[in-house]
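What follows is a single structure, written as structure tokens, with notes after it.
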Amino acid sequence: MEQTPLQPSEADNKGTLIIPSLTDRGTECVDVAVIGGGPAGCATALALARSGLSVAIVERAFSPDTQAGETLPPGIRLTLEELGLWAEFEAEGHTPSVGNRSVWGSSRPLDYDFIFSPYGSGWHVDWQRFDGMLTGAAERAGARLLTGMEFVDSEFSSSGFWRLELLGPRGRAELRARFVVDASGRSAAFACRQPSIERYSIDRLIGVAGYLDANPRASSEERITLVEAAEDGWWYSAPLPCEKLAVIFMTDADLASARKASVAEGWLARIRRTEYTRKRIEAGGYRLASLLRIVSADSSRLSDFAGNRWLAVGDAAASYDPLSAQGISTGLSTGLGAARAIQKYLGGDPSALREYARHISEAFTSYLSDREAYYGLEGRWPTSQFWMRRHARALHALAS
């Protein structure tokens, strides 16, 4: 993928380098700067660039080789069609997912077959191909991709644009923008630097992720997503297109179970206590192929989702428990909503950002109710600290 070179030019009186590749008619300014190149940021940038706005995507680094076993639901087709990417997605050769299986509330598994979906199968995605498709589409639409650049600080100018300080391999650089989109994930790096903006979390959920190689002589893998509750958390497993199995133990970061599961011996010992996750691994002859990774999975949100010529999108605005299966899907759909709001705002509608923020807040409120109801279905371990926390009434005040 072609990347925009960051060649330093003249320094301003702070010694900060200007990015000349973004210069337009003598001004170093774009219409919209998007901080973060994940699904939410790319969807926002793609829609904005297609509308004719100048856009720059600031991406700190390429995505890691392996992501945490992301599975997309059948309904993702609608969002990808709106982005104009469905045909390209189909051609990428991702692995179809035939359904979900949950062992939750009892020891008897419950299956949901995607054959009943009007949109066909779900998908176990190859993350690198999916990420490359999104960033490539944004670039083809005219967005500039600035890789290897980390957002450091910001200042709003009296002349009505944001000065963003970036740090890259060649030192500091400055990017100026009429509007900023924070798509930096749970860190909300830009938004949390704004006055009166805070981030609230309602749990400390993490995932301890392992990637397992299959035995080529073993029986073929079931193309399903499996969720299995356990005494001190729950397990997620899904096949990856590269003939691996992603297996993730979800628990709270402050519990003893997290410490024990963060090393391979403890992680594997916990798998042996499960029934269906263990049987799945044994049937495929899977073996742990990499070091375990710790991934954040908490439910959290910003105190506000938009402000003076900025808004937050995707996980930067509000992050959801993986149990809700709203990761990439929500990122893409909120990216489209953010792009519409920004176009209206820059077109002279001052209410567009408030309307966008209201929509995100209402969605998070609805999510909290669903989260409380679903965790409430599991009652087999009433004295477990993990489950006791989730059986307590959800903190709905966070969504107000």
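Highlighted here are the helices (runs of 4 or more DSSP H) found entirely within segment 315-400 that include at least 3 residues which are among the polar types (S, T, N, Q) and in the same structural domain as residue 44 (by TED's automatic domain parsing): 327-346, 352-375. Among the residues of segment 180-204, which ones are more than 26 Å from residue 59 (Cβ to Cβ) and not in a loop (DSSP other than H, G, I, E, B)? The answer is 200, and nothing else. Evaluating residue 309 against the criteria (1) on the phi > 0 side of the Ramachandran plot; (2) not assigned by TED's automatic domain parsing to the domain that holds residue 33 leaves one unmet condition, (2).
One line per residue, one yes/no per condition, for (1) surrounded by fewer than 21 Cβ atoms within 10 Å (Cβ to Cβ); (2) at pLDDT below 90:
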{"position": "289", "(1), (2)": "yes, yes"}
{"position": "303", "(1), (2)": "yes, no"}
{"position": "315", "(1), (2)": "no, no"}
{"position": "328", "(1), (2)": "no, yes"}
{"position": "331", "(1), (2)": "no, no"}
{"position": "340", "(1), (2)": "yes, no"}
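Exactly one residue out of 361, 369, 333, 324 is touching a residue at least 12 places away in the same chain (Cβ under 8 Å) and in contact with a strand residue (DSSP E or B) (Cβ under 9 Å, 6 or more places away or on another chain), and it is 361. May I ask you to verify whether residue 129 is basic (Lys, Arg), under 24 Å from residue 250 (Cα atoms) and surrounded by fewer than 21 Cβ atoms within 10 Å (Cβ to Cβ)? Answer is no for this residue. For residue 174, the test of being touching a residue at least 40 places away in the same chain (Cβ under 8 Å), over 24 Å from residue 304 (Cα atoms) and assigned to a helix (DSSP H, G or I) is failed.
Out of 170, 129, 108, I need the residue that is among the basic types (Lys, Arg) and at pLDDT 90 or above. Which one?
From the options 170, 129, 108, the qualifying one is 108.
When you look at residue 190, is it surrounded by 18 or more Cβ atoms within 10 Å (Cβ to Cβ) and either among the hydroxyl-bearing types (Ser, Thr, Tyr) or out of contact with any Cys (no Cβ under 8 Å at 6 or more places or on another chain) (or both), yes or no? In short, yes. Applying the set (1) in the same structural domain as residue 309 (by TED's automatic domain parsing); (2) surrounded by fewer than 16 Cβ atoms within 10 Å (Cβ to Cβ); (3) not basic (Lys, Arg) to residue 41 leaves exactly one unmet item: (2). Close contacts from segment 56-67, counting a first residue that is part of a loop (DSSP other than H, G, I, E, B) and a second that is at pLDDT 75 or above and surrounded by 23 or more Cβ atoms within 10 Å (Cβ to Cβ), with Cβ to Cβ under 6 Å and a gap of 6+ residues or different chains, come to 66/211.
Of the numbered criteria (1) in a loop (DSSP other than H, G, I, E, B); (2) in contact with a strand residue (DSSP E or B) (Cβ under 8 Å, 6 or more places away or on another chain), the one residue 304 fails is (2).
The values are calculated or read from the model by the stated rules, or taken from the named source; none is laboratory data. The structure displayed is predicted, hence computed values, not measured ones. Cβ atoms come from the backbone with ideal geometry, glycine included; neighbour counts cover every protein chain shown.
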